[in-house]
């Protein structure tokens, strides 16, 4: 791995760092907001048995899921707009995995809207809602895991790859090396975190005393425990096998701080859970996405897609490395779009983000409180 | 992917560039069946709600909800297939993304941030919060949904127009870097293409609204809904079809000035000279001849108000051209690196679009006569109603044909005169991977299309429903005989 080169201008570097943080915030917005409705989708077959219970789960996310999902689109667009080479490498490199996420998101979106209008196909839409929620909930974590650990990238010196028409920075690890143990652990971490969020949300929205509420409370408690266990395993694996391969990453101190946030969030959420305070336990459990995104950002910085430091090393033993992979990592400085582009994007964000927050206040206020019987009738 | 398919010789013959293009074409055509309808219908939702806000007539309320439901059923497919489009630049066109990221990414991000949030959040309110918020806020929400969708069209057309007529950048070889934000955003074709596109989607929706109205009249049910839909659709349809003349003219002028190879292909013009306007014809690309009937010099006249303005023919644009000599006074671009699109497809698509536009006018006349008859309490002609029911096929086809002209006509470039399409693909995505995903897209999109069709037809059959539920205002009986009176008061919107 080469030394970290900056863009050459302090202003440009500052903008690159700002956009690294902004994208982290966008992904966090996605994790917190769409996290609970992805989780609700994964829990859907288990938490709702009867038709009216299913309607209740769908109604709990019905007016909100679409706006929540826009956080992902904004995050993707922002990655393209701020760090185009990283967007190109990750989306083309993880092609089949991205397609699975995409197909999941497509069917999930349509299923949420069509399930009520299309009683003939209701089993199909129920299945589509579950699978469409499960695939992204699982694969997001895997993508994060691969990025943290580093992947096989074509370097300026990879003559054979370049001669074959590949570009510098292209991913050449193949599909199956994405399924390495660390990435799989991250995938499970993400899935469990989404499910816990979903259970906490359903516990907050379902009428007290309803069976959906009771089941949601049970799942919330169960997955809260699993969440801690997975986090401990993941942390151990990370410290033992992944961290030693790191080179030139400057934010690790913050990763430990965010690990503390995780533990804090977990304890607070658990306390409120035990008290039966659904609102506070949901709010507190949002510290966990904050912690996970914080740890991810801190362990990546200043990389976006690190090149595997040692393709034959422990973490990457699933790689079948070509001998000439001598890539430099894709960092926020090497991938940053031009200063003018980042400045324009910053201005657009300064206009847009406050508006987005206002919209969210409006809609979450409008649909506050638990779902009532008549909400389902009207639906 | 070599690991998976490295040994499969069958796949080696497949051309990854061609497959990537087929996949993009399939996905974007499917996406753009639903998006125009939802953007156009969004206007009708807002108009219907504006009317209900004034009249407080439960029938108007029922109509708002009727359109909102059809809108949502369509909108969600647009959203779902739109994710494909946002991802596809990175997944299938990685080198393109690397080249244009400095310019192309910003409008995509801005579209999500400034438009998608607006549409999706306020659509949630329109669908679920009728009785939770004040009527005025509800009305504002309905308009914000439409405003959001019209704004999203602006952002994506800024991005697409930059690919057609790039401006405000410097070419660094491996990437285009932005040098002038407004120059890039308001590049020579943005405004014309935005007006052309948004007008076309409203035409499409107005034909759909009229078609549904005609269906009710034919079935002799929801008669006042039917009359109202025809009247509203016709009013908006007439306005937008007339507006299309200046908008289409603006866009054609931009093509003539900026994309001479596309103009030459649209008219099948091989030699330099004044551009004719062909009425119909056939291009033989092997013998490089175009046979057909045309008005000499008329395209030159439309583009430059002079029938003698010389435009380069395809034989010229096949190679590099320098326009600075002044020989081609209508061309504003400095130079062209050379390369022609597939000529006959571009030619036919363009003439199909123009012919379909003529059909739109005929259909408006049919609808006008039908409405006049209804207003005089005459029985509408069955044939006219049937024609109107199938009327939406015309703008649907017209829009697709227009986009084929735009996108095929700029080949072999993905970014006009800068980056060739073949150089934009993802080097690491193999032909087999593309083939697998094409098959899956076709399968999945077919399922979505069937579901959409079933649900929309069901919603139309059900019609606007005034039901006497507890939370609904009291039902006011309106006799069917009152149709003309109700219909006549629509025009003010």
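The values are calculated or read from the model by the stated rules, or taken from the named source; none is laboratory data. Everything numeric here is computed off the predicted structure, so don't read it as measured data. Note: ideal-geometry Cβ built from the backbone for every residue, glycine included; neighbour counts use all protein chains shown.
Brief remarks on what is shown
- Among (1) under 27 Å from residue B:69 (Cβ atoms); (2) at the interface with chain B (Cβ under 7 Å from one of its Cβ atoms) - the single one residue A:78 does not satisfy: (1)
- If the condition is being closer than 23 Å to residue B:196 by Cα and either assigned to a loop (DSSP other than H, G, I, E, B) or under 24 Å from the mean Cα position of the chain (by Cα) (or both), then the range B:279-307 contributes B:279, B:280, B:299, B:302, B:303, B:305.
- Across the range A:91-110, the qualifying residues are those that are more than 7 Å from chain B (Cβ to nearest Cβ) and part of a helix (DSSP H, G or I), and the one among them that is nearest to residue A:136 (Cα to Cα) is A:101.
- Criterion applied to B:56, B:69 was being more than 9 Å from every other protein chain (Cβ to nearest Cβ), touching a residue at least 60 places away in the same chain (Cβ under 8 Å) and surrounded by fewer than 24 Cβ atoms within 10 Å (Cβ to Cβ), and the one residue passing it is B:56.
- Hey, residue B:358 free of Cβ contacts under 8 Å to residues at least 40 places away in the same chain and under 20 Å from the mean Cα position of the chain (by Cα) or not: yes
- Residues of the range A:325-379 satisfying the condition of being modelled with pLDDT under 90, within 26 Å of the chain's Cα centre (by Cα), assigned to a helix (DSSP H, G or I) and exposed (fewer than 14 other Cβ atoms within 10 Å of the Cβ): A:365
- Restricting the search to helices (runs of 4 or more DSSP H) fully inside the range B:162-270 and requiring at least 2 residues that are at negative phi and away from every other protein chain (no Cβ under 14 Å) gives B:190-218, B:223-258, B:260-267.
- Test: residue A:240 is more than 22 Å from residue A:37 (Cα to Cα) and over 23 Å from the mean Cα position of the chain (by Cα): yes
- Of the listed requirements (1) touching a helix residue (DSSP H, G or I) at 6+ places or on another chain (Cβ under 8 Å); (2) modelled with pLDDT of 90 or more, residue B:223 misses just one: (2).
- Selected residue [more than 9 Å from chain A (Cβ to nearest Cβ), at pLDDT 90 or above and within 30 Å of residue B:16 (Cα to Cα)] from B:82, B:90, B:78: B:78
- Leading residue by the ranking (surrounded by the most Cβ atoms within 10 Å (Cβ to Cβ)) among those in the range A:63-75 that are within 7 Å of another protein chain (Cβ to nearest Cβ) and assigned to a helix (DSSP H, G or I): A:74
- Residue check for residue A:60: away from chain B (no Cβ under 14 Å) and either under 16 Å from residue A:130 (Cβ atoms) or assigned to a loop (DSSP other than H, G, I, E, B) (or both): no
- Only listed residue being at pLDDT below 85, within 14 Å of chain B (Cβ to nearest Cβ) and under 30 Å from residue A:159 (Cα atoms), chosen from A:320, A:304: A:320
- Meets criteria (at the interface with chain A (Cβ under 7 Å from one of its Cβ atoms), surrounded by fewer than 23 Cβ atoms within 10 Å (Cβ to Cβ) and more than 30 Å from residue A:16 (Cα to Cα)) for residue B:133: yes
- Hits in the range A:367-379 (condition: touching a residue at least 60 places away in the same chain (Cβ under 8 Å) and within 10 Å of chain B (Cβ to nearest Cβ)): A:367, A:375, A:379
- Residue in the range B:109-116 that is more than 8 Å from chain A (Cβ to nearest Cβ) and farther than 30 Å from residue B:22 by Cβ present: no
- Wholly within the range A:142-255, helices (runs of 4 or more DSSP H) carrying at least 2 residues that are buried (at least 24 other Cβ atoms within 10 Å of the Cβ) and in contact (Cβ under 8 Å) with a residue 40 or more places away in the chain: A:181-205, A:211-237
- Yes/no for residue B:136 being outside any helix (DSSP H, G or I) and either more than 22 Å from residue B:79 (Cβ to Cβ) or more than 21 Å from the chain's Cα centre (by Cα) (or both): no
- Just one of the listed residues (B:387, B:356) is touching a helix residue (DSSP H, G or I) at 6+ places or on another chain (Cβ under 8 Å), under 18 Å from residue B:197 (Cα atoms) and part of a helix (DSSP H, G or I), and it is B:356.
- Residue that is surrounded by the fewest Cβ atoms within 10 Å (Cβ to Cβ), among those in the range A:41-61 that are under 22 Å from the mean Cα position of the chain (by Cα) and more than 12 Å from residue A:376 (Cβ to Cβ): A:44
- On the stretch given as the range A:178-206, residues that are over 20 Å from the mean Cα position of the chain (by Cα) and within 14 Å of another protein chain (Cβ to nearest Cβ) total 1.
- Filter pass, residue A:116 being part of a helix (DSSP H, G or I) and surrounded by fewer than 20 Cβ atoms within 10 Å (Cβ to Cβ): no
- Scanning the range B:80-100 for residues that are out of contact with any strand residue (DSSP E or B) (no Cβ under 9 Å at 6 or more places or on another chain) and within 10 Å of residue A:84 (Cα to Cα) returns B:90, B:94, B:97, B:98.
- Conditions (1) touching a residue at least 40 places away in the same chain (Cβ under 8 Å); (2) more than 7 Å from chain A (Cβ to nearest Cβ); (3) closer than 21 Å to residue A:364 by Cβ; (4) under 23 Å from the mean Cα position of the chain (by Cα); number of the one not met by residue B:148: (1)
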